[in-house]
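The values are calculated or read from the model by the stated rules, or taken from the named source; none is laboratory data. Predicted model, so just to flag it, every value in this text is computed and none were measured. Here the Cβ positions follow ideal geometry from the backbone for every residue, glycine too, while neighbour counts run over all protein chains shown. Accessible surface areas use protein heavy atoms only, side chains included; no ligands, DNA or RNA. Shrake-Rupley method; radii C 1.70, N 1.55, O 1.52, S 1.80 Å.
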Amino acid sequence: MKRYISDYHIGHPNALRFDARPFSSLDEMHETIISNWNSVVGNGDEVYILGDFAWKNDVGLEVLKKLKGRKYLILGNHDRMNAELEKQFVWVKEMETVKDGENHVVLCHYPIAHWKNADYGYIHLYGHIHTGRDYDPYKEYAEKMKARDLPYECYNVGCMLPYMDYTPRTLKEIVENSKLLVQ
């Protein structure tokens, strides 16, 4: 089974404040991430992390070693890889298109206005913008594209979003539950 998540910001104290994350400490956030991950991910599952996994590599490595499944990393602007950390992933790339069932999924840390085959039903998953100043303009643009009768399916998989709840999700869960995002 394939699952997706973004923007954990392991070891990043400011993430607690920026996203109003419901944790009293980084340790509590890390424990929740590990628990939530391992509650849904099996050893044979594939999890695509769409960037900004760890702010601090040593803490990121400690957390990664406790997570089940095969892990893939799409680099984000805060990911600073070293050899030890890179060994924990099947691969590390800037961007990738994967097949998930009948769907083609374009993975990038950053939201893309016109991704590969967007007009032909490819789905785009991204992170980076959290729920900050860029979230609404991108969402508005996506809605305008859909209003033109284009498939234009794109979803933010930031861990802090209510439908993600710090838990890697399947594509089906993301598509069905993304409508629960409270503005």
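Filtering 66, 116, 71 for residues that are among the basic types (Lys, Arg) and under 15 Å from the mean Cα position of the chain (by Cα) leaves a single hit, 71.
Residue count for the range 128-159 under the criterion of being open to solvent by less than 30 Å² (accessible area, probe 1.4 Å) and at negative phi: the result is 11. Residues in the range 76-120 that are of a type in the set (Asp, Glu) and either open to solvent by less than 50 Å² (accessible area, probe 1.4 Å) or outside any loop (DSSP other than H, G, I, E, B) (or both): 79, 84, 86, 96, 100, 119. Here's a check for you: in the range 41-55, which residue that is open to solvent by 30 Å² or more (accessible area, probe 1.4 Å) and in contact with a strand residue (DSSP E or B) (Cβ under 7 Å, 6 or more places away or on another chain) is nearest to residue 124 (Cα to Cα)? Within the range 41-55, the match that is nearest to residue 124 (Cα to Cα) is 46.
Cβ separations smaller than 7 Å between residues 6+ apart or across chains give the following pairs from the range 151-178 residues that are within 24 Å of residue 63 (Cβ to Cβ) and among the small types (Gly, Ala, Ser) to residues that are open to solvent by 10 Å² or more (accessible area, probe 1.4 Å) and part of a loop (DSSP other than H, G, I, E, B): 158/130. If only residues of the range 1-40 that are of a type in the set (Phe, Trp, Tyr) and either assigned to a strand (DSSP E or B) or free of Cβ contacts under 8 Å to residues at least 40 places away in the same chain (or both) are counted, the one that is least open to solvent (accessible area, probe 1.4 Å) is 4.
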